[in-house]
Amino acid sequence: MRVLRTISFTYPGPRDLLLHCFIKRNRSAQTYCLYLSLTSALADDGKFLLAARKCRRATCTDYIISLHADDMSKASGTFIGKLRSNFLGTKFTIVDGQPPHAGAKISRSRSSRLVGLKQVSPRVPAGNYPVAHISYELNVLGSRGPRRMHCVMDAIPASAIEPGGVAPIQTEFSSSRIDFLSSMRFSWSKSNEPNHTDDQSSGSSSNQKDGLLVLRNKAPRWHEQLQCWCLNFHGRVTIASVKNFQLVASPENGPAGPEHEKIILQFGKVGKDIFTMDYRYPISAFQAFSICLSSFDTKIACE
């Protein structure tokens, strides 16, 4: 049986299948748009989900993420969050503009105060809420091979990938987000729906005591005939690129199980400025999009 369900860019994807999306890059405008795939084609017209604009600073780079491609101001009601890099482009922080779950702690900064000037909902405290940290290993020896990345999901417990495991979700939204959610629907099987209780969806204290979910890139295999590193994207990626990656859960404090073999996020090139992005539970479209944006940054020290 299939049911119709509202999709949220901050709601985890389905458990047992990868949700197919794609990203279109505009090099001249330094913008990126995320679309939900509506057909089996690698890139169709799609359903618009999110947009991001690259902003270079003196010591870092910000990717401002918004609900609308034509309004990407941090002071706007369409502001969702941002991705911030260090000077070398080797470390990134994903910041949500609203709390990812009840009890989330705000990180006060100048940008969070600017967002607070235009409070979109009196019940939802706007600000900077770190939800993930991404790091790329430095390639000091200049060895050949793909980039190595490491993602610590600050808002998701490691137990979320286990059978019956649950990822916290946002329980309150600004009015602009509510309007956006009501316009976005798609179908997945009822068996794939996360089973959230009131305590689990709000990020209960028991979940917060768990270790954090850590994602790492799946190790590629060296293809002797092609003389290159290869990953099996099952037809979803068609062009070799150092940006291509697949992420799986890392067994940080125990033996690896079958849940650590599942691809949680994969990203790859299919055209000059078109890339596929497929993700599943327990990460959301916002988190997946932000991680993929980090791959667009030039990383001379990592290649």
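The values are calculated or read from the model by the stated rules, or taken from the named source; none is laboratory data. What you see is a predicted model; the values in this text were computed from it and never measured. Positions of Cβ are backbone-derived with ideal geometry, glycine not excepted, and every protein chain shown enters the neighbour counts. Protein only, heavy atoms only, side chains kept; ligands, DNA and RNA dropped before computing areas. Shrake-Rupley method; radii C 1.70, N 1.55, O 1.52, S 1.80 Å.
The figures follow:
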{"quantity": "Meets criteria (out of contact with any Gly (no Cβ under 8 Å at 6 or more places or on another chain) and either farther than 22 Å from Ala285 by Cβ or not aromatic (Phe, Trp, Tyr) (or both)) for Val237", "calculated": "no"}
{"quantity": "Search result, residues across the stretch 250-291 that are crowded, with 22+ Cβ neighbours inside 10 Å and farther than 17 Å from Ile94 by Cβ", "calculated": "Gln266, Gly268, Phe275, Thr276, Asp278, Tyr281"}
{"quantity": "Pair list, Cβ under 6 Å, 6 or more apart: the stretch 260-285 residue assigned to a strand (DSSP E or B), other residue of a type in the set (D, E, K, R) and open to solvent by 10 Å² or more (accessible area, probe 1.4 Å)", "calculated": "Ile274/Lys24; Phe275/Lys269; Thr276/Arg236"}
{"quantity": "Some residue of the stretch 30-53 being out of contact with any helix residue (DSSP H, G or I) (no Cβ under 7 Å at 6 or more places or on another chain), open to solvent by 70 Å² or more (accessible area, probe 1.4 Å) and among the aliphatic types (A, V, I, L, M)", "calculated": "yes"}
{"quantity": "Matching option when the condition is at pLDDT below 90 and open to solvent by 20 Å² or more (accessible area, probe 1.4 Å), among Ser189, Ser159", "calculated": "Ser189"}
